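This report refers to the structure that appears directly beneath it.
Any read-out appearing in this document is the output of simple, stated calculations on the displayed coordinates, not a laboratory observation. This is a predicted model, so every value here is computed, not measured. Positions of Cβ are generated from backbone atoms using ideal geometry, with glycine treated the same way; all protein chains shown enter the neighbour counts.
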Amino acid sequence: MYQFHHRQITECDQQIEAELANFPNRAGAKTHTVKPRKRGRKSNDVRFDATGPLFQALGVDLTLIDGIDVATALVILGEIGVDVSRFPTEKHFASWLRLCPPQDESNKTKKRRGHRKGTHRVTIALRMCAQSVGRTMTPLGLFYRRIRSRIGGRGAVKATAHKLACLVYRMLKYGQEYVTQSMEEYEAKVKANMLKALKRKAAALGFQLSPLPTQ
């Protein structure tokens, strides 16, 4: 029984490899940069090198995004394809995946509802990626932990999955390569945003922030 199931898995992987070969090459003359794996092979990984065929089929390498692996990129290709033009903006795309906080508005009064559970395969895959990237020392992992300290783990998973969906949308629509942000750049950006918010609150109360004198 064990050998029979493994033969079936091998046949599925061979069919996936054959289907990827049928896609037109959208990468053109772009060079493919292989992302080094930090961990070993997972039990549900496909048994062939799919990063190259996926790069040619999508035109971009989605696995360069922190948290997104080959399995998630295959789900995105199988469920959405390569054309996201039917979504005007990345916000429409994230809302379609139910990765936006729902709000009811009546008489200019907004009321927050509970989290909507998305059942789309891409939504489930991105939420799983958000959980895994939250344990890494990356800008996305730092973002996850910062949001978790404010609204809890459930909201942090949704917010990080929303950010991943926006990154996927931009890469598929504009064909741009993913630029990895360093931890120092992200921490400096967070610090600048915090300082800007503090200055705005102080100005609203009639105060002005001034730095302490250096010793």
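The table for this structure:
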read-out: Ranking of S210, S43, S182, S132 by count of other Cβ atoms within 10 Å, fewest first; value: S43, S210, S182, S132
read-out: Computed helical MRE - 222 nm, the chain, DSSP H runs ≥ 4 contributing -39500 (n - 2.57), nearest 500; value: -17500 deg cm²/dmol
read-out: Under the span-like rule (Cα at least 27 Å along the axis, Kyte-Doolittle mean at least -1.0), DSSP H helices of the chain; value: 153-174, 183-204
read-out: With 5 Å bins from 0: P(r) over region 166-213, alpha-carbon pairs, percent; value: 4, 17, 13, 13, 15, 12, 9, 8, 7, 1
read-out: Fraction of alpha-carbon pairs over 23 Å apart in the chain - percent; value: 57 percent
read-out: Proxy reagent accessibility, fewest Cβ within 10 Å first, across R121, R150; value: R150, R121
read-out: Net charge dipole size for the chain [Lys, Arg +1 and Asp, Glu -1 on Cβ; Debye, nearest 20]; value: 1500 debye
read-out: Principal axes of region 127-215: Cα extent on each, largest first, Å; value: 45, 30, 29
read-out: P(r), alpha carbons of region 13-103 - 5 Å bins starting at zero, rounded %; value: 2, 11, 21, 23, 18, 13, 8, 3, 1
read-out: 20 Å Cα-Cα threshold exceeded, pairs from K158/K189; K158/K199; K163/K189; K91/K163; K91/K173; value: K158/K189; K158/K199
